[in-house]
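Okay, so here's the structure we're looking at.
The values are calculated or read from the model by the stated rules, or taken from the named source; none is laboratory data. The structure presented is a predicted model; accordingly, all values stated were derived computationally and were not measured. Note: ideal-geometry Cβ built from the backbone for every residue, glycine included; neighbour counts use all protein chains shown. These accessible areas exclude ligands, DNA and RNA; they are computed on the full protein's heavy atoms, side chains included. Shrake-Rupley method; radii C 1.70, N 1.55, O 1.52, S 1.80 Å.
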Amino acid sequence: MNPKDGEPRMQVVEANGATIPLVGLGTWDLRGRTCARMVEQALRLGYRHIDTAEMYDNEREVGEGLRGSGVPRNEVFVTTKIWPSHFTPRELLRAAKESLVRLRLTEVDLLLLHWPNPQIPLSDTIGALCKVKEAGQARHIGVSNFTVTLIEEALKLSTEPLVCNQIELHPFLDQSKVVAACRVHGMAVVAYSPIARGGLKDAATLARIGRAHGKTASQVGLRYLVQQGIAVIPRTSRVERLSENHAIFDFELSEREMSEIAALASRDGRIIDYAYSGSPNWD
Ligand SMILES: NC(=O)c1ccc[n+]([C@@H]2O[C@H](COP(=O)([O-])OP(=O)(O)OC[C@H]3O[C@@H](n4cnc5c(N)ncnc54)[C@H](OP(=O)(O)O)[C@@H]3O)[C@@H](O)[C@H]2O)c1
């Protein structure tokens, strides 16, 4: 089903050959029937981008939701991710195949390395990721939770374009250096935890700006990111919030509002545990 007449069409970011819808549904922690139902509903409401991972243990249900929605496969951008314990070439090739089996798809649109793994040479892992793409099992490949240094290393090693770095990003976290590095290399930034795990709704500045536009604080925070060409993948388990998190293309923040929101960010505004990075420093 397409968005209703008169509704703005889904906007996209272009990156190294990939066309990524700016809003996707995050599915971490959505399980069983809830997961399948939310994916199905999201697609019916006009979402065209779904984010999962082998670690989320819900790829089967994401696949069910996709099929249940009736939206043609080629209209949906599906991302999954390989967990760092599967980064040896043999394990990575096997993990990618198993994700496809669970999703019941012949290819994903984007396959990411979920976190860096300093225990396994990046050259081996990137080589295997490129093989998955060459085998037609992933239309595009990319990384997640990569620092500036690691992005540059990965780009040197890769024989295929890397189209994105998926990172924690919301108005409370300053990721300007890694965002700038992605832009230099033509990679998209996909913001995870974009509503700070629900925390945006309590921010007075966002709420005040929202009142001026007839929008919620969470919508203002999401708009702030997409207005910079950054894709967002908010998660919700409530149908009414699916619409809220998607309705961010019918208003625009002024330069002054953008600066006010930018002032909320700090370098230590992270809410996600940095367990797999090998380094707490993102520069
Ligand atoms: N690559 C990585 O390492 C990585 C790490 C973390 C996450 N991710 C991906 O990014 C996705 C999103 O991040 P996230 O799940 O950490 O957090 P998030 O999307 O920032 O926040 C989700 C939380 O916010 C609540 N919420 C949703 N919409 C809301 C709204 N409009 N107003 C108020 N509260 C709202 C949800 O509760 P309700 O369910 O009650 O609505 C849920 O508790 C994940 O699901 C996953 O796909 C990737």
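For the reader, a short list of remarks on this structure follows.
- Residue ID - nearest to the ligand (Cβ to nearest atom), chosen from residues in the stretch 211-238 that are under 21 Å from residue 77 (Cβ atoms) and assigned to a helix (DSSP H, G or I): 222
- Entry remark, the stretch 147-176: residues being out of contact with any Cys (no Cβ under 9 Å at 6 or more places or on another chain) and under 20 Å from residue 109 (Cα atoms) number 6 in total.
- In the set (1) open to solvent by 10 Å² or more (accessible area, probe 1.4 Å); (2) touching a residue at least 12 places away in the same chain (Cβ under 8 Å), residue 72 fails one condition alone, (2).
- Among the candidates 253, 264, 242, the residue that is within 12 Å of the ligand (Cβ to nearest atom) and either buried (at least 16 other Cβ atoms within 10 Å of the Cβ) or at pLDDT 95 or above (or both) is uniquely 242.
- Subset of the stretch 208-239 [free of Cβ contacts under 8 Å to residues at least 60 places away in the same chain, open to solvent by 30 Å² or more (accessible area, probe 1.4 Å), over 15 Å from residue 11 (Cβ atoms) and not charged (D, E, K, R)]: 212, 213, 214, 216
- Scanning the stretch 30-55 for residues that are surrounded by 21 or more Cβ atoms within 10 Å (Cβ to Cβ) and either within 12 Å of the ligand (Cβ to nearest atom) or of a type in the set (A, V, I, L, M, F, W, C) (or both) yields a total of 12.
- Residue selected from the stretch 139-161 under the condition more than 30 Å from residue 264 (Cα to Cα) and within 16 Å of the ligand (Cβ to nearest atom), by the criterion most open to solvent (accessible area, probe 1.4 Å): 140
- Per the conditions (1) within 11 Å of the ligand (Cβ to nearest atom); (2) surrounded by 22 or more Cβ atoms within 10 Å (Cβ to Cβ); (3) free of Cβ contacts under 8 Å to residues at least 60 places away in the same chain, the sole criterion not satisfied by residue 170 is (3).
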